[in-house]
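Colleague: Structure incoming, see below.
The values are calculated or read from the model by the stated rules, or taken from the named source; none is laboratory data. Keep in mind that this is a model prediction, so the values were computed, not measured. Glycine gets a Cβ as well: all are built from the backbone with ideal geometry, and neighbour counts include every protein chain shown.
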Amino acid sequence: MTTLRLTAQWGPFLLCALLACSGGSEDSGPPPALSVINVRDMGALPATAAVKGRDGGYSVLFGKKSVWLYGDTVLSLVGEDGSAWRDNSWSWTEDTSAADGLAGFSEPVDSLGAPQEFFPETDDEAAFNRAHSGTDCQTPCMARRVLWPMDLVEDRKRSRVLIFYEKIYGEPGAWNFYAIGFGVAVWRDITALPERPVIRPESAEPTLLFDGEQDNFGDAALIVDDTLYAYACSEGTGVGKPAVPVMAGKPCRLGRVVLEQVLDRGAWRFWDGSGWSDDLSHAGPVFEGSSQLTVHWNEHLQQYLAAYIAEPFDHFILRTAPAPEGPWSSAHDVFTAQKAAEGWVYCGLLHKEYSREGGRIEYATYFRSTGPWTGEIRLVELELGRE
């Protein structure tokens, strides 16, 4: 496959900006339990010359390394597979202090120097993608089954990292794609790729935990004691339906599960506004946000902290709450990001492994385009006060 064919299929980074990463700054709830004392731009994260741009940027501390996961990745060279596009990629660094910026990123590459994808494909996925690519491709030509990373958490007790991901089906044409479902990959060895366990062997999608776009739990995830909490922020179009850009705030629902049972769909429970229900249809929104966000406990504030980008799509937002289910505060507009060369800013995240002084100093990132098919992830230092 060539870069031209893949770009014609998937469109620019705005794909994520419009559908997956848009958010609103709806202002209900109590006042946030924080103030922002200082905001300092730290510059763009370093990347190799092989990378022209990539979005996403969820991260976690895995052993002694900070691991970063990215979505669509545009390359400056063609890899062994004949493509200059990656549906996902990753890198890591042993630089665990962001006070002077971040450096020392490494990533696995093929013999031509092209970054490798993070998620392993199943035999069926690989066969489908091969059959629908190339000069003699099956109809519909250039149809793809793609894996996009979501949030990830370190389960130290079990020596593993759990990674939520989205499986997408797409064909050439604007917005001609939809979410097939969502899964959880298990990563035990940083020198190897993660595993995508078979969860439902009787299903046509045996590796997926949740079906369709509306069940996208894993947009943000965190561990409290021995329980995993995961947020799903989307209005959804429904499985099998073409995606349409959502330009307003997205209601975020919350699920939880005991860590030992994370791959058991029947063990999940969902917040219904007053308690935890086993019926997903009873799940109600806990706040309006974005389908790319982070949530973690901030010791300095003694609050949970949610972060995302909101309208007009260059505003970095924080919310606070005493518990994962809330009540969540109104939105606090923290800073305005640098303008994007094309489109707008998106993918606003926090990186808990870099926080200092119990979270008095937090580090945020966001993605912005810098030109046609180029972009950067910028690092920002936030100094927070208690309210």
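Colleague: Being in contact with a Leu (Cβ under 7 Å, 6 or more places away or on another chain) and within 14 Å of PHE316 (Cα to Cα) is the filter here; which residues of the range 351-376 pass it?
Modeller: GLU362, TYR363, ALA364, THR365
Colleague: In the list GLU383, GLU325, GLU362, GLU376, which residue meets the criterion of being assigned to a loop (DSSP other than H, G, I, E, B) and under 23 Å from VAL60 (Cα atoms)? Give the steps one after another, and end with the answer.
Modeller: Details: GLU383 fails: assigned to a loop (DSSP other than H, G, I, E, B); GLU362 fails: assigned to a loop (DSSP other than H, G, I, E, B); GLU376 fails: assigned to a loop (DSSP other than H, G, I, E, B).
Answer to the check: GLU325.
Colleague: Being over 30 Å from VAL198 (Cβ atoms) and either within 20 Å of the chain's Cα centre (by Cα) or outside any loop (DSSP other than H, G, I, E, B) (or both) is the filter here, so list the residues in the range 103-132 that pass it.
Modeller: The initial filter retains those residues of the range 103-132 that are over 30 Å from VAL198 (Cβ atoms), namely 103-106, 111-113.
PHE105, SER106, listed by residue number.
Colleague: Select from the range 177-196 the residues that are surrounded by fewer than 20 Cβ atoms within 10 Å (Cβ to Cβ), of a type outside the set (Ser, Thr, Tyr) and out of contact with any Ser or Thr (no Cβ under 8 Å at 6 or more places or on another chain) and list them in ascending order.
Modeller: Residues satisfying the conditions are VAL186, ASP189, ILE190, ALA192, LEU193, GLU195.
Colleague: Would you mention how many residues in the range 347-373 are surrounded by 19 or more Cβ atoms within 10 Å (Cβ to Cβ) and farther than 12 Å from HIS296 by Cα?
Modeller: Qualifying residue count, the range 347-373: 11.
Colleague: Follow-up question, since we're still on this one. At pLDDT 95 or above and of a type in the set (Ser, Thr, Tyr): which single residue out of SER281, SER277, SER290 fits that description?
Modeller: On the way: SER281 fails: at pLDDT 95 or above; SER290 fails: at pLDDT 95 or above.
After applying the criteria, what remains is SER277.
Colleague: Also, quick follow-up: Go over the candidates ALA185, ALA192, ALA179 one by one and state the one that is in contact with a helix residue (DSSP H, G or I) (Cβ under 6 Å, 6 or more places away or on another chain) and among the small types (Gly, Ala, Ser). Lay out the reasoning, then the answer.
Modeller: Numbers: ALA185 fails: in contact with a helix residue (DSSP H, G or I) (Cβ under 6 Å, 6 or more places away or on another chain); ALA192 fails: in contact with a helix residue (DSSP H, G or I) (Cβ under 6 Å, 6 or more places away or on another chain).
Being in contact with a helix residue (DSSP H, G or I) (Cβ under 6 Å, 6 or more places away or on another chain) and among the small types (Gly, Ala, Ser) holds for just one of ALA185, ALA192, ALA179, which is ALA179.
Colleague: Follow-up question, since we're still on this one. Report the residue count in the range 171-208 for those that are under 19 Å from PRO120 (Cβ atoms), touching a Phe, Trp or Tyr at 6+ places or on another chain (Cβ under 8 Å) and in a loop (DSSP other than H, G, I, E, B).
Modeller: Result for the range 171-208: 4.
Colleague: While we're on this one: Considering only the range 48-55, I want to know if a residue exists there that is of a type in the set (Lys, Arg) and either buried (at least 16 other Cβ atoms within 10 Å of the Cβ) or in a loop (DSSP other than H, G, I, E, B) (or both).
Modeller: The first filter runs over the range 48-55 and keeps only residues of a type in the set (Lys, Arg), leaving 52, 54.
Next, only the ones that are either buried (at least 16 other Cβ atoms within 10 Å of the Cβ) or in a loop (DSSP other than H, G, I, E, B) (or both) stay: 52, 54.
Among the residues of the range 48-55, at least one is of a type in the set (Lys, Arg) and either buried (at least 16 other Cβ atoms within 10 Å of the Cβ) or in a loop (DSSP other than H, G, I, E, B) (or both), which makes the answer yes.
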